[in-house]
1. When the residues of the stretch 303-346 are filtered to those that are among the acidic types (Asp, Glu), open to solvent by less than 70 Å² (accessible area, probe 1.4 Å) and in contact with a helix residue (DSSP H, G or I) (Cβ under 7 Å, 6 or more places away or on another chain), which remaining residue is farthest from the ligand (Cβ to nearest atom)?
2. Confirm whether SER113 is modelled with pLDDT under 95, within 16 Å of the ligand (Cβ to nearest atom) and open to solvent by less than 60 Å² (accessible area, probe 1.4 Å).
3. Return the residues of the stretch 340-388 that are at positive phi and among the aromatic types (Phe, Trp, Tyr); say none if nothing qualifies.
4. When you go through (1) in a helix (DSSP H, G or I); (2) in contact (Cβ under 8 Å) with a residue 12 or more places away in the chain; (3) of a type in the set (A, V, I, L, M, F, W, C) one by one for LEU21, which number turns out not to apply?
5. Would you be able to tell me the number of residues in the stretch 27-63 that are farther than 17 Å from SER113 by Cβ and assigned to a helix (DSSP H, G or I)?
6. Does GLY222 satisfy the criteria of being open to solvent by 10 Å² or more (accessible area, probe 1.4 Å), on the phi > 0 side of the Ramachandran plot and at pLDDT 95 or above?
7. Among the helices (runs of 4 or more DSSP H) lying completely within the stretch 396-467, list those that include at least 2 residues that are open to solvent by less than 90 Å² (accessible area, probe 1.4 Å) and closer than 18 Å to THR380 by Cα.
8. For ILE81, indicate whether it is touching a helix residue (DSSP H, G or I) at 6+ places or on another chain (Cβ under 7 Å), among the β-branched types (Val, Ile, Thr) and either away from the ligand (no atom under 14 Å from the Cβ) or within 25 Å of PHE31 (Cα to Cα) (or both).
Amino acid sequence: MTENKSDKLWGGRFELDTDALTDQYNASISFDKRLYREDIAGSKAHAIMLAKQNIISPEDRDLIVNGLVEIEQEITQGTFIFSPEREDIHLNIEAALTERIGEAGGRLHTARSRNDQVATDIRLFVRDACDSVITSLRTLRSVLLNLAEEEAATVMPGYTHLQRAQPILFSHHLQAYEAMFARDTERFVQTRSRTNQSPLGTGALAGVSYAVDRASSADLLGFDGIIENSIDAVSDRDFIFDFHSASALSMIHISRLAEELILWASAEFGFLNLDERFSTGSSIMPQKKNPDLAELARGKSARTIGNMVQIMTLLKGQPLAYNKDMQEDKESLFDSVDTVVDTLNIMVAMLPSCSFNREHMKTAAEANFALATDYADYLTKKNVPFREAHSAVGSMVSFCERENKTLAELTLEELKNIHPEFDEGALEITIEYSLNARAATGGTAPQTVENARKAAQTRLNEEAAQE
Ligand code: ARG
């Protein structure tokens with residue numbers, strides 16, 4: 001047998017060793033070692049399939065599988081030595097296996113290429129990442145629904161243009177976030193299903209010249225099926241984009257929530273007292289209690305958006321099939337997985353620790369003529385055209401501003417001066433009146449919000465039970 005002159009597993013046709021700079025620039029082991037479990041699982045399934053199809057012997061299969069089990073233990077224990085000269089996780093493991101078991105190790109790569117191998121690894125990784133994110137999203141939804149139940153009687157001003165608009169139940173506001181995270185969960189469930197298809201056994205790009213059974217290795221790895229076209233199998237990274245896009249949108253939702261927590265914790269709003277365990281102080285201003293975690297959550301959304309743009313840009317110019325550009329798909333993916341999971345978990349821990357200034361929120365809900373719409377609706381229900389009612393209440397607001405009065409302080413006489421259709425009933429317009437009036441589907445009436453919360457809880461329980 002002829003010896004490799006090069007020190008590389010792929011070095012048969014090479015006369016020279018690679019330059020040290022090449023090794024450094026080319027290697028991905030510093031980050032793709034994170035895929036070691038997936039790589040070993042993929043190799044085991046491949047070896048078992050090869051033996052089943054009589055492509056390798058059962059003895060070689062056992063040597064390979066046992067060798068891989070040992071290597072996995074060493075990596076997990078931190079005793080395995082990774083080498084940058086061996087480029088990536090695939091070659092590091094394969095070379096270590098061959099050092100251990102000899103010739104049998106050299107048979108593992110039969111009917112396989114690193115191109116279908118890396119595509120398999122990364123799909124397994126994204127599949128598990130989807131599961132982690134889905135679990136954390138469901139936990140966050142349950143935290144939001146519990147908080148909504150606890151705060152079922154808390155009123156706050158609802159805003160448009162960040163101007164006080166109409167009174168709402170705080171629980172209604174929280175449930176709006178639950179609805180966003182429910183859609184996010186759906187996106188990750190869909191991403192998982194598109195991800196969970198096996199590329200293994202398609203070789204470099206054209207398929208392999210052995211009688212492989214792709215369905216059986218797919219089955220061993222828990223894939224739902226196989227990717228039919230070999231070229232698509234090795235070159236598709238759409239599922240990574242799907243993951244980034246679902247992550248970026250979830251982080252945008254978290255960022256909106258974080259922004260509200262930051263505003264509410266300010267003296268200007270004064271709705272929220274942050275728990276000391278989830279805030280930090282200032283090194284110069286002794287009085288400060290800062291909402292750093294919410295700010296970081298808002299800030300970290302930028303990474304996931306950036307990572308999504310990175311994968312789009314990475315893919316757009318690549319001809320079929322595999323190109324080394326694809327090695328650049330991993331670090332941003334790992335970053336987004338960690339960012340989303342960590343941020344969801346911070347929100348899960350922080351939200352239940354928040355205490356809300358219910359009295360102050362209610363006062364804010366009553367101020368600034370927040371019930372103006374209810375006065376206009378009152379007239380409309382007496383058959384006054386809405387536009388006329390709107391204009392009458394508009395002049396009522398400016399009258400109150402001039403007289404330095406609230407709407408509730410107006411006498412019946414003053415009301416009648418503004419519009420003759422006002423009567424005693426208009427003196428009963430309060431926050432409770434305003435909330436109860438909004439009982440149509442989706443509105444902020446207490447009973448409607450409670451029904452919506454229960455329905456959301458049932459959906460969440462059903463989703464979790466289907467797993
Ligand atoms: N480290 C490579 C990657 O991450 C593995 C695949 C290499 N394939 C190849 N033909 N050079 O994409």
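The values are calculated or read from the model by the stated rules, or taken from the named source; none is laboratory data. Remember, it's a predicted structure, so these values are computed and weren't measured experimentally. A quick note on method: Cβ atoms are made from the backbone with ideal geometry, for glycine too, and the neighbour counts reach across all protein chains shown. Protein only, heavy atoms only, side chains kept; ligands, DNA and RNA dropped before computing areas. Shrake-Rupley method; radii C 1.70, N 1.55, O 1.52, S 1.80 Å.
1. The extreme case among them is ASP335.
2. no
3. The answer is PHE369, and nothing else.
4. Every condition holds for LEU21 apart from (2).
5. Count: 19.
6. Working: open to solvent by 10 Å² or more (accessible area, probe 1.4 Å): yes; on the phi > 0 side of the Ramachandran plot: yes; at pLDDT 95 or above: yes.
In short, yes.
7. In the stretch 396-467, 412-418, 431-437 are the helices (runs of 4 or more DSSP H) which contain 2 or more residues that are open to solvent by less than 90 Å² (accessible area, probe 1.4 Å) and closer than 18 Å to THR380 by Cα.
8. no
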